Amino acid sequence: MDKIYLVGLPGSGKSHTGKWLSQKMGWDFVDLDELIEKNEKASIATLFETLGEEGFRSIEQKYLTATFSYKQCVISCGGGTPAWGNNMENMGRHGLTVYLNTELSEIEKRLQDSRTIRPLLNRNQNIGKQISELNEKRRPYYSRAKVIWNRNEPTEQFFRSLDRLLSIY
């Protein structure tokens, strides 16, 4: 197996962890949201606004499917990617799925400090409550990942464990 798909809530650290992990492994890194923005020449927020969630998810699924042919790559998925269609199952067939189960209080802090626009979160409302509700909806999908990491940051132990798992597959 030569791909890792990182899943989790917005602000869980998928991009940060993906970059770190890809450097440790000597693999490529792809942020699915950045790939979409680059190729569609529009921000995720703009795509959501103009196409609606269903239209955006259809485009997202197209780019996710393209990653199935990638080799030696860590892919950071959008927070909602696993909860759409059969994306989680397809990622599991093509790579090792890893759920970054970051503490909700840490996610809330990160999102409050972030300048990134999150289409499904309203900055004028209680971020903690919104994250908690999103977590309830998406946890059944995230929990299907082959690996669940219950820490706020990646560690050497995390890297070694994934490296061992990949050698078994």
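Every number in this text was worked out from the coordinates using simple rules, so none of it is lab data. Model, not experiment: these values are computed from the prediction. Neighbour counts are summed over all protein chains in view; Cβ atoms, including those assigned to glycine, are modelled from backbone coordinates with ideal geometry.
Values computed for the structure shown
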quantity	calculated
Qualifying aspartates and glutamates (Cα of each under 15 Å from Cα of Lys19; at least 8 residues distant if same chain)	Asp28, Asp31, Asp33, Glu34, Glu153, Glu156
Exposure proxy ranking, count of Cβ atoms within 10 Å, fewest first, for Glu60, Glu49	Glu49, Glu60
Ellipticity estimate at 222 nm from DSSP helix runs (n ≥ 4, -39,500 (n - 2.57)) divided over the chain, nearest 500	-17500 deg cm²/dmol
Unit charges on C-beta of K, R, D, E only; dipole of the chain, Debye	300 debye
Cβ-defined net charge surrounding Asp2, 14 Å radius [Lys, Arg +1; Asp, Glu -1]	+1
Ranking of Ser58, Ser12 by count of other Cβ atoms within 10 Å, fewest first	Ser58, Ser12
Which of Arg93, Arg144, Arg138 has the fewest Cβ neighbours within 10 Å, and the rest in rising order	Arg93, Arg144, Arg138
Relative contact order [Cα under 8 Å, 6+ residues apart], the chain, whole percent	36 percent
